[in-house]
Amino acid sequence: MKILPAMDLINGKCVRLYQGDFNQTTQVGSDPQSQLQTFIRDGAEIIHIVDLDGARSGNPEQYELIAKLSQNSTVPIQVGGGIRTIETVKAYVEAGVSRIVIGTAALEDEAFLKQALEHYSEQIVIGIDARNEKVATRGWESETEVDYIEFAKSMEQLGVKRIVFTDISKDGTMQGPNLEQLKKIHDAVDCEIVASGGIRNQADLAAIAEIGIKEAIVGKAMYEGTVKLRG
């Protein structure tokens with residue numbers, strides 16, 4: 001199981017949300033540069049960074065900071081939040097970002113997604129964030145009637161190779177991941193699934209691995225020390 005420690009950014013600071021609620025924000029860890037080095041020192045193989053300001057606005061609000069973090073990192077960086085134009089994708093690739101997570105725009109702008117896949121297929125990851133099995137967009141603040149499994153299948157048909165799946169109701173709760181939904185999406189498509197949301201300990205990671213999922217994003221449990229990158 002490959003663990004991706006999560007660094008969620010608002011206004012240049014590391015934060016955690018509770019169930020995706022921007023009104024329930026807690027600052028965690030140290031400043032982003034120090035936190036990056038801590039994750040690397042602790043054994044991270046890849047680090048997941050989210051521009052939460054960008055997820056809401058639709059623009060890469062913290063591009064400069066994330067580009068600097070990527071350039072200072074000795075391990076691959078995966079970035080999401082506010083990535084809705086090919087220019088943004090290109091800028092992040094040129095900054096050294098290894099994986100680029102497209103969420104809202106994957107649902108709302110198929111032409112852009114196809115263009116991104118055509119030029120940067122190896123770097124593109126689709127973020128599927130669901131509440132009650134329906135896809136949510138725009139920093140999780142807008143809900144759709146799109147079923148998360150059907151959406152995953154449509155992404156696979158376009159050539160997507162990797163999907164990050166988050167059950168929003170679990171995110172930041174430390175109540176355990178939604179194993180049922182993770183199994184459903186894993187079984188429904190051949191894409192690599194990256195689990196996200198609610199992971200609280202090594203037992204949760206073992207349960208996710210049992211499904212056949214090989215990567216998991218861990219946020220709050222990483223900061224609280226209940227999940228470690230080594231051991």
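Tabulated data for the structure shown
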{"quantity": "Structure-based [θ]222 nm, the chain - -39500 (n - 2.57) summed over DSSP H runs of at least 4, per residue, nearest 500", "calculated": "-10500 deg cm²/dmol"}
{"quantity": "Bins of 10 Å, starting at 0 and running to the largest distance - Cα pair percent for the stretch 2-224", "calculated": "8, 37, 41, 13, 0"}
{"quantity": "Rel. contact order, % - alpha carbon contacts under 8 angstrom, at least six apart, the chain", "calculated": "19 percent"}
{"quantity": "Long-range HN-HN contacts of Gly103 with modeled amide H, under 5 Å", "calculated": "Gly81, Ile83, Gly127"}
{"quantity": "Cut-off under 5 Å, modelled amide H: who pairs with Leu4 long-range", "calculated": "Ala216, Ile217, Val218"}
{"quantity": "Pairwise label distance in nanometres, Thr38 with Lys161, each label 7 Å out on the Cα-Cβ vector", "calculated": "3.3 nm"}
{"quantity": "Long-range HN-HN contacts of Cys14 with modeled amide H, under 5 Å", "calculated": "Val28"}
{"quantity": "Fully extended contour minus Cα-Cα distance, from Glu145 to Leu65, at 0.36 nm per residue", "calculated": "25.4 nm"}
{"quantity": "The stretch 208-218 - phi-based ³J(HN,Hα) in whole Hz, Karplus 6.51/-1.76/1.60, Gly and Pro as x", "calculated": "5, 4, 4, 5, x, 7, 10, 9, 9, 8, 10"}
{"quantity": "Longest to shortest principal axis, alpha-carbon extents of the stretch 116-231, angstrom", "calculated": "39, 28, 24"}
{"quantity": "Centre separation in Å (Cα based) which lies between the stretch 155-212 and the stretch 38-112", "calculated": "20 Å"}
{"quantity": "For the stretch 170-182, 3J(HN,Hα) per residue [Karplus equation, 6.51 cos²θ - 1.76 cosθ + 1.60, θ = phi - 60°, Hz, x = Gly/Pro]", "calculated": "9, 5, x, 8, 6, 10, x, x, 8, 5, 5, 5, 4"}
{"quantity": "Whole-Hz couplings from phi, Karplus 6.51/-1.76/1.60, listed for the stretch 190-203; x for Gly and Pro", "calculated": "8, 4, 5, 9, 9, 7, 8, x, x, 5, 10, 7, 5, 5"}
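Every number in this text was worked out from the coordinates using simple rules, so none of it is lab data. Here the structure is a predicted model, which is why all the values come from computation and not from measurement. Here the Cβ is made from the backbone with ideal geometry for all residues, glycine too, and neighbour counts use every protein chain on show.
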